[in-house]
Amino acid sequence: MIPGVSIEEKTDPLQGQILEVSMGPHHPSTHGVFRMDVKLDGERIVSLKPVFGYLHRNHEKIAEDVSYLGSIPYTDRLDYLCSLTNNWAYCLAVEKLSGFEIPERAEYIRVIVGELTRLVNHTCLMGFFVQDLGAMGTPLMYAFREREKILDLFEGLTGARMMCNYMRFGGVRCDLPVGWIDEVKKVIAAFPRFLDEFESLLTQNEILIARAQGVGVLSKELAINAGITGPCLRASGVGHDLRKVDAYSIYSRFDFKVPIGAHGDCYDRFMIRLLEMRESLKILDQAIAALPSGQIIDPKAKSRGLRPKAGEAYGRIEAPKGELGFYLISEGGPSPYRYRVRPPSLINLTVLEDMCLGGTVADAIATLGSIDIVLGEVDR
Amino acid sequence: MTLVERIDQAPLLLQRWAVSFFPALLQPWVAMLISAAAIIGVFASLFALSTLAERKGLGRIQNRPGPNRVGPFGMLQPLADGIKMLIKEDIVPLRADKVLHFLAPIALIVPSLLVYSVLPIGRNLIAMQCQLGVLLFFAIGASTELSIFMAGWGSHNKYSLLGSIRAIAQMISYELPMVLAAVTVILATSSLDTVNIVEAQAGGFWAWHAFTPWGAIALLTFFICALAESNRAPFDLPEAESELIAGHLTEYSGFKYALFFMAEYLGMMAISGMAITLFLGGWQAPLPILNFIPSWMWFFGKLACFVVLFIWIRGTLPRLRADQLMNLAWKFLLPIALLNIGLAGLWVKSSGWIAWPISVILLGLAIVGLGRLLRGSRPRGGKRIYRYAD
Amino acid sequence: MSIPFLIIAAVILASAWAAVSLRNLVHCGLCAALSFLATGTLYLYLNAEFLGLVQLMVYVGAVAVLILFTVLLTRPATEAADAVPTKRPAFWKGALIAITVGGAVASCLAVYAAPKASTAPELSIQEIGRLLTASQQNVLALIIVALLMTTALIGALLLAAPAEEDTKGGGA
Amino acid sequence: MLGTGILRGLKETARNVIGSFREKDRLPTVMYPEETVKTKENFRTFPFLVYDGDHAMPGLRCVSCRICEKECPPQCIFIIQERDENNKAVKHPRVFDIDFSVCMQCGICAEVCPFDAIKMDNIYELAGEDRFTGLLVDKHRLAKSNHYYHQIKPTEANEVDGRLAEDKRKAEEAAKAKAAAAAAKAAPPPTAAT
Amino acid sequence: MNDALTLNGCLILSALLFGIGLVAVFGRRSAILVLIGIEFMLNAAVINFVAFWRFAHPSSDGMMFSIFAIAVAAAEAGVGLALVIALYRHRRSVRIDEIPPASE
């Protein structure tokens, strides 16, 4: 028999065989090393057990030995699609611990760069989601064409496209290069055209509607009880967005809206992200218009040999995938006593089975694609 | 024999000239051999061309140039693929059913090529003019399912078996509406012979069957079934299964896989050839004044348009789920095809003008009604309005 | 005895015998398909094109696939391979009866040797159509067969389809 | 209505096909070996040691204070300080190795180095045949001239040079002031002594 | 001359095919093979029709009847196989000798 696959004789002879299949970890559509043990009765899924941990790199234990500054590059590698929001959350936590004030210009740069990362992540997600539904890579290529432009911006500013390692405690590492802001303006001006094209290509497409509407439904109560955050929660009808709830950093100064879905199925999650990208563009326009000049880092802030006073802090932000939080306990030493990351992808993944039961395998893949998980963050 | 006619009948004259070298006894055999060789030669090279067109077309759709390294503008890419396929090691699974595993590609290529014998490529350029051309086309086309079963069963792999069952179920359920769509044309021209069908559409493009109410709907149904029959675009469930089953081709590599690959393209071109013959006036020129262009050029031009359409749809549409696929065939295409036969009968019996309004109304009603039935509970058009948090 | 006829007859009989005597059911199904194919070519050889193509389409296209599907759906039961059929005594008892009946029929038919028309009768498809719809009893037969096939279709569906509560679910 | 959404999708792909022949934006492919994309100035790959003047080893700025070795998160830098004949430390590294297979190009070493001795390079064609010793880069391969630094990162290099010049000037003033103070201190004792 | 021989050839062929069909029905235990046997027998009958239509007297009834025969045979095959599947669903086996009579 094929290893890892066993035909379990079902007790009730009348039923067909229960086919137990493990999909992954080398599977074309599981977004990295992630395995699903699926039990199939004919076409329908009877049970689905997600298995992950293949990408566990012991991030939190290492952080306890490396200095505060040293673990910033490691936060890039948590959710490797949006490194800057990871840095931001970590820096927020350390700033709460060490009490640095962030200069105005640094706050604005952080918001600009954070929203650009949200665009990068959502373009990735929409491309992968439609790719799982079978479109031969065309939407993926269009999404990646736009994403490349933003990654070039990151390369110009931080020196790397995905592993930016740009934010420091009390501000940012280096100031905007000459002409960078005009580049950003050009990219943002061209973005709505891409969004309109993407919407006209897909949202009214009968096949996509048939494959995504009513598939992988996540009820409002289950979403709240399971602690789901981010677009998955908003698609189920709960208008919870940390940028409005916490109004951390300077988000209170920008006016933007938070889209909410009504059905909580794959189609809603897809559309919510599309609408969120339009909101991010609004924020970016306002932030660039009001970008002040001045210092980019708190002069008192020390990055090397930082020894924050003993205590604990929990910094959280609205990362593209949900609420990303860093919980630090410091005992005054050069490295934190305890370093805990609240990964939105892992928590959003816990309800995968409830969403997929009763559906077919093709639905399970579509649902997994719509939750938008990145295994770097799930396994840490 | 003006120059234009000479070019038009060039293949025929060539064949007669070649045959004249042989003794009388052998001449019929040689004539058959030459036309067979011509078909295989022409359509095999068209296969190579269409793989290149597919890869470059998909590339251009996805904002990338497509293969352009092998030869000028990537022209030698099919040659490179061919050689690669020949060189690759042909792995046969250990406990596979050797006989079936070996026979499956052959059992697929033979009918795919046999089907070309009835397609009228140009004015009296047809390999075998037989009174039952269309029936022969569908009879031989029906036997391709057996070879898919052999491929699935022969590779002794549970996933290939499930993939081949899905492929057969899909092909059978889409064969029915396709044959019924062809029946409307037979009903209109009262002859199964492809040459008669093409001659019945002589005159300008307004005489083509595609421009009658029932013809347009039949062409649409035929085209959707052609997509499903050749396992392409929104119906490419069996092979490009990104979910569970990797399709019945998983255990094939090297030359056998190339044969399957070739059979898929040959099948695609054969079905588009039949669609052209039935609905778009085979080798007829759209306007009588354009008759100076040789007839076979029209056939290959229309064939090229169909191939481009196949590629275009493949680059755009996501895939249908297995049960939606079946619903579409049995609950939408089949009723429409049956209704269409009724309308074709009405069209043939009555003079044109009363048939037009009745068929347009009936067909419109059927499509909208069945479309809504197919959509089931989802709101109209799946349009959703999203509100914003306060 | 023309050579093509001999070849076709040999193929029919060989594949039929293989279909009957092979152990693996799938091979039996495929050999049966081959034998249907060969009978189709026999009709073509006997100038009954319409019948040959209908045979090809109906038997090779549908019935053979139906047989193979049934073999697959009931595969676990036949997995416990029954003994090689040709070794079982019951097989030869059956064969004995068959041979006697076959032989008797063949001998009495063989004495019949009075072919009238040596030229192949020409029956175009249009004529078949006219015949089918012209004479009264043919039309009646046609309608009855149509009715029979629809009832067979629905009957087969109800018999084979699993009970209703199994197929619920599966998304909208 | 069934089909209009699909048609609109087809129109979209058609626009891209036509666009790919006209707009650059719709065909952004770069034919790598023939054409290359000009990297941005801030682009960083592996670190390199800066040396002033035109001789690598004597001009090396690195004083082997080993701060970068401590601060490097994946610990991929290895430094041994130079010792002269009577075992006194010399402000110059005898061994300065960076294991390129471990380095994750995060740039923290360049950030924490107080002497601007190590900066981030922007070469990315680093393919080599030897995986082990080939990627353990010693100081001779690491050392690159300040002139090279000016070529690849002009603004940053000028800023660093400005800062260094200004430090040197301040150091000289301090030295002069100290010398003057010393002289002043030395001057009164002789007057007192006479 | 060879017409007569070919006619006899056809008749012998159909008889032998009929015999093989009988062998399948009597000799094999699996229900599916019994159905295949029935198909062979039906085929044999239709071969006779065509042979007589071709050689003996070209009246069109033979052809008409064979068309209907093929149609009915296909319908019968469909229903027969559906029966086998239903049978398997209840008895988990398709061995004819193990299936109790319909009464039980």
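A few notes on this one:
- Search result, residues across the range C:117-159 that are assigned to a helix (DSSP H, G or I) and of a type in the set (D, E): C:E127
- Residue, farthest from the other protein chains (Cβ to nearest Cβ), within the range D:69-107, restricted to residues that are under 17 Å from the mean Cα position of the chain (by Cα) and of a type in the set (D, E): D:D97
- Screening the range C:113-140 for residues that are farther than 25 Å from B:A188 by Cα and facing chain E (nearest Cβ under 7 Å) and picking the one that is modelled with the lowest pLDDT gives C:A117.
Every residue, every condition in (1) within 24 Å of A:I207 (Cβ to Cβ); (2) touching a residue at least 12 places away in the same chain (Cβ under 8 Å), yes or no:
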site	(1), (2)
A:V111	no, yes
A:T117	no, yes
A:M126	yes, yes
A:Q131	yes, yes
A:M136	yes, no
A:L140	yes, yes
A:E146	yes, yes
A:F154	no, yes
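- Annotation: B:L135 fulfils all but one of (1) open to solvent by 20 Å² or more (accessible area, probe 1.4 Å); (2) more than 29 Å from C:N47 (Cβ to Cβ); the unmet one is (2).
- Any hit, the range E:48-57, residues being more than 7 Å from chain C (Cβ to nearest Cβ), among the charged types (D, E, K, R) and over 11 Å from the mean Cα position of the chain (by Cα): no
- For D:R66: the one exception among (1) open to solvent by 60 Å² or more (accessible area, probe 1.4 Å); (2) farther than 30 Å from B:T316 by Cα; (3) more than 14 Å from chain A (Cβ to nearest Cβ): (3)
- Looking only at the range A:83-104, and only at residues there that are aliphatic (A, V, I, L, M) and over 22 Å from the mean Cα position of the chain (by Cα), the one that is surrounded by the fewest Cβ atoms within 10 Å (Cβ to Cβ): A:L97
- Odd one out for A:L275, checked against (1) more than 24 Å from B:R384 (Cβ to Cβ); (2) aliphatic (A, V, I, L, M); (3) open to solvent by 10 Å² or more (accessible area, probe 1.4 Å): (1)
- For the range A:282-307, the set of residues classified as surrounded by 20 or more Cβ atoms within 10 Å (Cβ to Cβ) and modelled with pLDDT of 90 or more consists of A:I283, A:L284, A:A287, listed by residue number.
- Test: residue in the range D:123-130 that is open to solvent by less than 20 Å² (accessible area, probe 1.4 Å) and touching a residue at least 24 places away in the same chain (Cβ under 8 Å): no
- Of the residues contained in the range A:160-183, one or more are found to be within 12 Å of chain D (Cβ to nearest Cβ) and either more than 30 Å from A:I297 (Cα to Cα) or part of a helix (DSSP H, G or I) (or both).
- Subset of the range D:83-114 [surrounded by 15 or more Cβ atoms within 10 Å (Cβ to Cβ) and more than 30 Å from D:E35 (Cβ to Cβ)]: D:H92, D:P93, D:F96, D:D97, D:I98, D:D99, D:I108, D:C109, D:E111, D:V112, D:C113
- Considering only residues in the range D:7-24 that are open to solvent by less than 40 Å² (accessible area, probe 1.4 Å) and facing chain A (nearest Cβ under 8 Å), the one that is farthest from A:E183 (Cα to Cα) turns out to be D:G9.
- Some residue of the range A:137-153 being open to solvent by less than 40 Å² (accessible area, probe 1.4 Å), among the polar types (S, T, N, Q) and more than 15 Å from A:C82 (Cα to Cα): yes
- Test: residue in the range B:340-355 that is in a helix (DSSP H, G or I), under 23 Å from the mean Cα position of the chain (by Cα) and either closer than 28 Å to A:S200 by Cα or acidic (D, E) (or both): no
- Filtering the range A:134-159 to residues that are farther than 16 Å from B:G315 by Cα and assigned to a loop (DSSP other than H, G, I, E, B) leaves only A:G159.
- B:F149, sole failed condition from (1) of a type in the set (F, W, Y); (2) open to solvent by 10 Å² or more (accessible area, probe 1.4 Å); (3) more than 15 Å from the chain's Cα centre (by Cα): (2)
- A single entry from D:D52, D:D25 fulfils the requirement of being in contact with a helix residue (DSSP H, G or I) (Cβ under 8 Å, 6 or more places away or on another chain) and modelled with pLDDT under 85: D:D25.
- Test: residue in the range B:337-345 that is modelled with pLDDT of 85 or more and open to solvent by 70 Å² or more (accessible area, probe 1.4 Å): yes
- Check on A:K282, over 30 Å from A:H59 (Cα atoms) and among the basic types (K, R): yes
- Output for the range B:1-18, where each listed residue is over 12 Å from B:N124 (Cα atoms) and in a loop (DSSP other than H, G, I, E, B): B:M1, B:T2
- Scanning the range A:31-82 for residues that are in a strand (DSSP E or B) and surrounded by fewer than 17 Cβ atoms within 10 Å (Cβ to Cβ) gives A:D37, A:K39, A:D41, A:V46, A:S47, A:K49, A:V51.
- Between A:I250, A:I260, A:I224, the distinction of being open to solvent by 20 Å² or more (accessible area, probe 1.4 Å) and either within 15 Å of A:P344 (Cβ to Cβ) or among the hydrophobic types (A, V, I, L, M, F, W, C) (or both) belongs to A:I224 only.
- For the criterion of being modelled with pLDDT of 90 or more, open to solvent by less than 10 Å² (accessible area, probe 1.4 Å) and under 28 Å from D:E12 (Cβ atoms), A:R193 fails.
- Subset of the range D:8-40 [aliphatic (A, V, I, L, M), part of a helix (DSSP H, G or I) and within 45 Å of the chain's Cα centre (by Cα)]: D:V17, D:I18
The values are calculated or read from the model by the stated rules, or taken from the named source; none is laboratory data. Values in this document were obtained by computation on a predicted structure and should not be read as measured data. Cβ sites come from the backbone with ideal geometry, for glycine too, and all protein chains shown count toward neighbours. Side chains included, ligands, DNA and RNA excluded: accessible areas come from the protein's heavy atoms. Shrake-Rupley method; radii C 1.70, N 1.55, O 1.52, S 1.80 Å.
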